[in-house]
Structures are given as C-alpha cells and as structure tokens.
Amino acid sequence: MLAESPKTNRRDFIKTSGLATLGLLIGLDAKANLLNLSSDNAAALPVEINPFILIGADNTITIINPRPCMGQGTIQSVPAMIAEELEVDMENVTIIQSDGKSKYGAQTSGNSSSIRRLWLPLRKAGAATKEMLIEAASGKWSIAPTQCYAENAKVFRKDNGQSFTYGELVEAASKLSVPQEPVLKQKNEFKILGKPAKRFDLDDRVTGKAVYGLDIDVPGMVYAAILHSPMIFGKLVSIDDSEVIKIPGVIKTIPCERTMIYTTTDSVAVIASNWWAASKGRSALKVAWDKNGLDTTLDNKEYMSRCYTAAKKDGIRFEEFNDFQSKFETSQSKLDLTYETPFLSHVPIEPETATAHVKEDGSVEIWAPLQGPGETLEEIARYLNISTEKVKIHVALMGGSFGRKAYMDFIKEACFLSNKLKIPVKVIWTRDDDIRQGPYRPALLSHMQGFVEDGKIKGFHHHMIGESILGQVFKGLADDKADPWIGEESSPNNNKYIFTEAHKVSWTNVKTVIPIMWWRSVNASNIGWGQECFIDELAHLAGKDPLQARLDILEDERFRKVLATLAEKTNYHQKLPQGSGRGIAITRAFGTIVACCITATKSGNGVKLDSVVSVIDCGIYVNADTVKAQTEGNIIMGITAAIKPGIVFNKGVCAQNNYNNYPILRINETPKIEVYIIENAEAPGGVGEAGLPPVAPALGNAIFATTGIRKRNLPIDITNLTA
Amino acid sequence: MPKYILTINKKQHRIEADSDVPLVWVLRDYVGLKGTKFGCGIASCGACTIHLNGNPVRSCQLKISTVPATAQITTIEGIGEQVLHNVQQAWLELQVPQCGYCQSGQIMSAVALLRKKPNPIDKDIDTAMAGNLCRCGTYERIRQAIYRAAKMEAEVVTRDK
Ligand code: FES
Ligand code: FES
C-alpha cells in the first residue's frame, strides 16, 4: 500500500511553464548577482547556492529537475535525491524543469540513467548546500557546526532547540565556500529515498490540466502539417498546391526539410491558422517524389535475408573464452539455431509535435516534448547557426516517448518553418508520419550455437547480425570493428552466465537504409530474445528444468536471488494443470537484473496469456511504486513487441500507418501482472527500460512449455500457432 | 464561415468553424479545452474520448456540424470541476498515470462504464476500456482503479441510505 499523501491537490507542484516565469533565477555566482539587486527586493529573491537549488528569504525552496519526464516520474524522483540530503520536505518544494543551460550538466532522460548517474552528484549538491546552511547558522550562534543539525528546511541548535529557517540563512550561506566532499546520509537515515511516495504531478494528469507538448499555445502561432516522402528520403520533384490554397484557413505551402542526425530529407509543409486546415491542406497536396531506388533498398525482408547470409560466416569477435568452434564441432549434444526480431516503432500516444519561434533578431524559443533539453539547445544553435545564448528551451511534458523524442527531427522542422516565417509555428505530426517515417528499433538476427555436457550448458555462442545505431546514425563504427555498445550488453560480464567449456560473443554489421534509433531498452530487447530462448532450448536438450539450468551456470548472488524469488512468487515448482505452461527469462540491462515468468494456457489454435510475474533487482531505488509502475509498463510493451506486428516495408513504403494496422496491446488482451522488488543497498540501476528485455523470451518459452511449439522469430501470432 | 452553438461542460459556446472540423480540434483549438487529446484520428486509440449526452464517443470522429446545440458535451475538464470524481480519486489512489497522456480518455470511458454498470466485472471493463490505448502500459492499474471507484460509489450510496 502507498502512504497517504497529506496534500492531494498541489497544482503548483510542477511549473510547466519553466524557468522563464520565475524570472528571478540568478547566475552561477550568487554573490556577484546579489550585488546587482536593489536592496529593497533583495530579501525576497531566491538565492542560487547551487544551480539546482534556489532558496528564498521567505524559505521557499525550489529544486531544478534536470531530467525531463516522459512518464517515468523523474520530475519527482530526481529532485527527491536533492531534497533528501538538503533536509527539505518534498511537500514544501517547488520543482522546475531545467532549460538546457550547460550549468545543469547532462540533461537527457535516456539510457535509464537519471537516477543511477545523478545518485551521487545530486545528493552531494543537496548535502553541500545543507552543510553551508548549517555553517551559516553556527556562525550566527557562534557555536561549532557539529552543535547544529538540519531538518525540514531549518537549522536547529542541539542544546536549546532554537532554529533558523533556511531562508534566514541563505544569504550568509551563499558567501561561504562550497564543501567539496560533503557527508552523505546512509540508507537507514533516508526519509524520502526508498520510501513509497505518491507522485504529486499525477493530480494534473487526471484532470486534464497537465500541459503536454501538443497542448502548447503560443500567441500568434500558426500550425504546420508536413508531408514527408512516402519512401523516407525520397527527393522532391514537384509540388502542385493549387487545391491546397483554396482551403479556408490555409496560409501557404513551404518546401521544408526533415533533418535527421546523419542526413536531411525533403518535405512540404502546409501552414494554416488551425491544425485541421493544415492537415486537410496536406491531403490536397499533389507532390511528385523521386524514388531514388528506395523501393528496393527500404525493404525489411531484403535486409533480413542478408542477415541470414551473414549468419553463415564468422563474425567479428567481441569476446571469446576457449576456442568455441573446435569444442562445438566435437560436441555430441548441441544446437545451432537462429532467432529474429523485427523493426519496431515507438508510437507514443502523443505524436511528435514542437512549437518554435525564430525571432527577427535571430534568437529562437522552443516549446516541445523532448528528452534532452541540453542536447536540443546545442543542436538547434548549430542548426540555425546561432550562439547557444540565443536558444531558449521550454520543456513540455511528454505524452510518452520511449526514445523517440530524443530524436530532434520534428523540433528542427518547427525551427526551419519559423525561421522562414518569423512567427511561432507549431508542427504536429500525424500517426501516419510517426509510424511511416521512423526511426525504428533495429531488426536483428541472432545466430546461436551451444552444447551441453553432463546435464549442464557448457558452451554458448551468440552471433548478433544486423544494423548498428552507432554505425548508421552516428557514423562511429569502422567496418572491421564490432559495435562496442552491443558488445557491452551481450558480454558475459553483463549476463553473468558461466559456460565452463567455451563462450563466444560475435557480431556482423549488416547495413540498411531503414532508419534506426534507440527504442526502449535499446539493444537489450534484441539481445535478450536470442539469448534467453536459446538457454531455454539448451536446458531442454540437457534434460533440465529451465530455471535450474540457469542456476547451474550462475554464480552471481544477485542473479540467483532474483531467480529464487521468481520461483517463490510464482510457485514455480508446483505443477500447472494440463494445457498450461510457464516460461521464464532473466536479463540484465542498465545495471538492473529482471527475471520474468509468463504463464499461458492453450486456447483454440493458440494460447492465452494468464499471468506475468517480474522480479526486479535495481539496487537502491528512489520510489518503490515508480519502480513497479515502470516494470508493469515494460511488461505490456514487451508483450506488444512479442505478439504484435513489426514494421514492414512494401516497395519502399512502410505498410503500416496507424494503430489499426500497427496495433499495440489493449486492456482486454492484458494478463494479470505482478511485480516484486529485491531490497538491497547495491548501487542504483536503471528502471525505465530494464524490465522489457526478458518479457518476449519468457513468452516464447511459455509457448513452448504450453504447446511444444518453439517460436524463434518475432512477432508471434499467439492465436494461431504453428511449428 | 458557418457558426455553431455547442454546449460543453454545461456552458454554451459560439464557434465559427468549417463544417467538417472534428470535435477534438474544436475543443482543443477553438474552445481551448486541451485536456482532450489526439492520438490517431481514426477512432483507434481513445485519447479523444468525451461524453455526448453521457455516452462515451471518440471526438476525432464527430464533425462539428453533426453535433446539435442541445447535445450535452462533457470533457475531462467537466467531470470533476468542484471535487474530483470518484474515478479520478481512484486513479490517484492507485497512481494509475505514467505519462498520463491517454488518461483523460481512459477516465472518460471509465466514468461512462460505471454510470451504466456500477458493479462491473472483468468482462465489462474489457469491453468498455478496450478502445483506449495506453502505450505506457497502465492497464493493470486501470482495472484495479475501476474496481476501487466502484467501491467508493457503493460506499457513498450505502451511507446516503
Ligand atoms: S484520436 Fe480519436 S480515437 Fe484516437
Ligand atoms: S499513461 Fe502514457 S499513454 Fe497511458
């Protein structure tokens, strides 16, 4: 159960309008800026002792959140790390989203890094500030700092209980030097971190008051609907807008560009006084595109067939323990199999949208749902060829993202158009744009080889074959090199399996022009599918129960505990009725271990999913309920990835364009879900993505346990299973 | 341009718009009620769900010209104006939203369901809520929150007896 929140209606909790409205934020050096303020209002102004913390003389506490919220709750969990060490109650704190300025450091919500990367720096920021406030108080009382303590935004004297509020101390504190190694609290001293907490921001999310990117309204703005080439990257040949300009509300059409990270493509924008007119205008455009051979190169089947060809040859080695091939050749009991995953789209329910205003003086203001204000600020400065000081970012809440809104193509489109018009322009993509234009999770082929001896899995080779994000998008992968990102994630160092005879991990880069990008859990969902289904197959070959077979090759205590907990919570050792079966999988991603067990029952020609239980060990965490929520969400997204269609190209055009032909899981298809968290004091791991990778293999393994049918290629139509 | 009168959350609005503008854009861009969301435009996601005379409808499918002035339109802004609706309260108790973008639509569908079926069973929830997608994956909590809201309503009813 969750603790009751004493206040349930705190509309001012998040100031979505950002830093600008505060208008009081003063520069890095608080002392210098204080001098610039007129003496009569100085007392009321908040002082910035640290870029993330503002304390007003009236004891108002403001914390800057440097990690945008896409639903994972960073808007509260990140500031909580500061509040804990600063000794302030979250109830009395105002939270403001950072605006991309470099003083806030890295600000991208991604790679499940918000808690694990900021765990020390932000706690230190809070603790250092608290120590300065204590020092200021001890100075006023002329006692030693050790004779004081901080609690609930006040510093108290231990001897007589007298106190100063932080507001009364802030000016004096701001003149002190910042302690470099402040003392951090121990886990047992935490009042906020690790305790279940309600998310204050949810009040606005159940009343329709939360402001998402799509809800941005800037005075004088016009709307843009953008026609992209049906074949991504098609060259614009001609535009006929004669029917478009007849539509009431349409202002004009403008040739536009979509700037992806490594290339720029043509598009045509229809500008109108309202979105509906713009989108009608878009439909009335007659545009000719040059295919440029894209009808044969944008082809998922052609790409996958090249992956299969590559699977016949050796890849580039990431790691090898003993000579795998020679051991494999002489082994008596072995398997040699391939597993496929498809391209996938992110499809957040809020489509890509951005509002930009490039002004006459060349400066730009941006309001958008985005994952990385810091990156966006720099990238937009480069794109518009202006200095970073001329870029102002307002981060809007994201209506889901899953990696998609870290890609800035839609933001640059708004900037491009506003740069032409010099008025605010709001770009809204349709679902069609979202699904057809990519970028996608890469499809991957896993070629697996392994052998068993004495009832134990002793040899294992995972050969990953496909396109690389580092290579395609960032042009950072030489042809003779293995993708280090994928290598790290598939390494024995990460999955902890010990194969005593031989272990090999290798890679072949098969290129494609189908645009790819990170998608929730990045490579881990692709790697997990091959790895965990194959372990299951080897376990059966060894005549072992799949959970026991894993325990036999795992020494790592954390992995073992997660599996043992999964067994306990699912009554794993109790037989299921005839016609039902369980499948399990365990993966580690972003420093977090998650095991998943899916129970299925035969139904018609297929199976029905009964329940999913996941056990997560993410080390120390901020909010148990958020960890659960993220893991529940990962289960749903993982099932969708396993049983709903992947992206398919037909003659260069993405065959899907909306939720009717690119469906995602619905509530009536959702099995019962349970999530359990392992309690420990290990370093924090990522939570937003780690729950996803084990879901699909647990499902594939459950299908096998239930029906005897082994599915090796995703997606699986679970209503109609054939071997 | 044609003029229309719409009754939204019990207030009358005079709107000048083309006859084919879908209600979702009328609400958002003409009336300024942005709690109703857009996700697909083809009645596939439910993000735009509102009530028309108490029945849940996808506002992306309703052209302004087809909505009579007498029709009662209710949006997310209109269901818990003074105090939160039980459904909203239950949503908070169970901490349902993640990004929350789909939740206006989810809540509108749930409110309509409970009005028709104060004691829903799993099957009723499946039927009433299957049209509302959630990419964040909050379905398990939505189901529990509907049961919670039903219980809250029942408690009020018994108390008032
Ligand atoms: S926008 Fe109306 S159902 Fe999706
Ligand atoms: S809560 Fe994000 S789409 Fe439902």
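Table for the structure above
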quantity: Ranking by accessible area, most exposed first, for A:Thr296, A:Thr570 with a 1.4 Å probe; calculated: A:Thr296, A:Thr570
quantity: Dipole of chain A, positive direction: furthest Cα of A:Asn160, A:Ile527, A:Pro373, with charges on the beta-carbon; calculated: A:Ile527
quantity: Accessible area (Å², 1.4 Å probe, nearest 10) - A:Val155; calculated: 0
quantity: Once the Cα gyration tensor of the stretch B:3-79 is diagonalised, semi-axes √(5λ) in Å; calculated: 17, 14, 11
quantity: The stretch A:183-230: chymotrypsin sites (Phe, Trp or Tyr not before Pro) in DSSP loop, at most 14 other beta carbons within 10 Å; calculated: none
quantity: Within the stretch A:262-280, backbone nitrogen closer than 20 Å to the virtual label 7 Å beyond the Cα of A:Asp240 toward Cβ; calculated: A:267-271, A:280
quantity: Gain upon complete extension [A:Asn322, A:Lys301; 0.36 nm per residue less C-alpha separation]; calculated: 4.0 nm
quantity: Largest-first ordering by accessible area, 1.4 Å probe, given options A:Lys456, A:Lys575, B:Lys37; calculated: A:Lys575, A:Lys456, B:Lys37
quantity: Accessible solvent surface per residue of the protein assembly as shown, calculated while the other protein chains remain in place, 1.4 angstrom probe, Å²; calculated: 37
quantity: In the B-A interface, the accessible area buried, summed over both sides, Å² (probe 1.4 Å); calculated: 4700
quantity: Paramagnetic reach from A:Ile261 in the stretch A:97-128 [backbone N under 18 Å; point 7 Å along Cα→Cβ]; calculated: A:106-114
quantity: Volume per residue that the Cα convex hull of the stretch B:86-160 spans, once the total is divided by residue count, Å³; calculated: 75
quantity: Descending Cα extents along the principal axes, the stretch A:173-328, whole Å; calculated: 70, 65, 37
quantity: Inter-label distance, nm, simple model (7 Å from Cα along the C-beta direction), A:Asp58/A:Val218; calculated: 3.0
quantity: Partner chain coverage, peptide A:661-669 - average Cβ within 10 angstrom; calculated: 6
quantity: Estimated translational D of the protein assembly as shown in µm²/s (Stokes, Kirkwood radius over Cα pairs; 20 °C; 1.002 mPa s); calculated: 74
quantity: Rough spin-label spacing in nm, given labels placed 7 Å along Cα→Cβ, for A:Asn660 and A:Glu679; calculated: 5.1
quantity: Distance between the stretch A:160-237 and the stretch A:348-365 - C-alpha centres, whole angstrom; calculated: 20
quantity: Accessible surface of the protein assembly as shown, 1.4 Å probe, proportion on carbon and sulfur as whole %; calculated: 51
quantity: Full-stretch length increase - A:Ser603, A:Leu551 - with 0.36 nm per residue and alpha-carbon distance subtracted; calculated: 15.6 nm
quantity: Alpha carbon centroid spacing (whole Å) that separates the stretch A:539-596 from the stretch B:53-122; calculated: 41
quantity: FRET efficiency, 1/(1 + (r/R0)^6) with R0 35 Å, evaluated for A:Phe474 and A:Asp314 via beta carbons; calculated: 0.85
quantity: Reachable lysines, given that their alpha-carbon falls under 30 Å from the alpha-carbon of A:Lys327 and they are not under 8 places away in the same chain; calculated: A:Lys312, A:Lys313, A:Lys456, A:Lys458, A:Lys481, A:Lys496, A:Lys504, A:Lys544, A:Lys711
quantity: Residues losing 20 Å² or more accessible surface upon assembly, the stretch A:626-643, compared with the chain by itself, 1.4 Å; calculated: A:Ala629, A:Glu632, A:Gly633, A:Ile636, A:Met637
quantity: For chain A, size of Cβ-based charge dipole, Lys and Arg +1, Asp and Glu -1, in debye; calculated: 980
quantity: Euclidean distance of C-alpha centroids, the stretch A:468-486 and the stretch A:641-657, integer Å; calculated: 25
quantity: Complex-versus-alone comparison for the stretch B:32-76, residues with a loss of 40 Å² or more in accessible area, probe 1.4 Å; calculated: B:Lys34, B:Lys37, B:Phe38, B:Gly39, B:Ile42, B:Ser44
quantity: Positive dipole terminus of the stretch B:3-79, leading residue within B:Thr74, B:Tyr4, B:Phe38 (C-beta point charges); calculated: B:Thr74
quantity: Sequence of A:Arg123, B:Arg115 when ordered by accessible area, the most exposed leading, probe 1.4 angstrom; calculated: B:Arg115, A:Arg123
quantity: Gained length - A:Asn292 relative to A:Leu184, 0.36 nm times residue gap less alpha-carbon distance; calculated: 32.9 nm
quantity: Three principal axis lengths of the stretch A:87-240 [C-alpha, angstrom, descending]; calculated: 82, 35, 34
quantity: Förster radius 41 Å - calculated FRET efficiency between A:Asp454 and A:Ser611 (Cβ-Cβ, nearest 0.05); calculated: 0.75
quantity: With DNA, RNA and ligands ignored, accessible area of A:Glu557 (1.4 Å probe; Å², nearest 10); calculated: 130
quantity: Estimated FRET transfer efficiency when R0 is 25 angstrom, pair B:Thr70-B:Ala130 (beta carbons, to 0.05); calculated: 0.25
quantity: Fraction of antiparallel bridges per DSSP, the stretch A:429-542 only, in percent to nearest 5; calculated: 55
quantity: Area accessible to solvent at A:Val93, 1.4 Å probe radius, in Å²; calculated: 0
quantity: Where only alpha carbons of the stretch A:534-654 are counted, the Rg and the Dmax (Å); calculated: 16.6, 51
quantity: 222 nm mean residue ellipticity, helices alone, for chain A (DSSP H n ≥ 4; -39,500 (n - 2.57); rounded to 500); calculated: -9000 deg cm²/dmol
quantity: Virtual paramagnetic centre 7 Å along Cα→Cβ of A:Thr330, amide N under 17 Å, in the stretch A:535-567; calculated: none
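The values are calculated or read from the model by the stated rules, or taken from the named source; none is laboratory data. Everything quoted here is computed from the prediction, not taken from an experiment. Quick reminder, even Gly has a Cβ in these numbers, built from the backbone with ideal geometry, and neighbours come from all protein chains shown. In case anyone asks, the SASA skips ligands and DNA or RNA and just uses the protein heavy atoms, side chains included. Shrake-Rupley method; radii C 1.70, N 1.55, O 1.52, S 1.80 Å.
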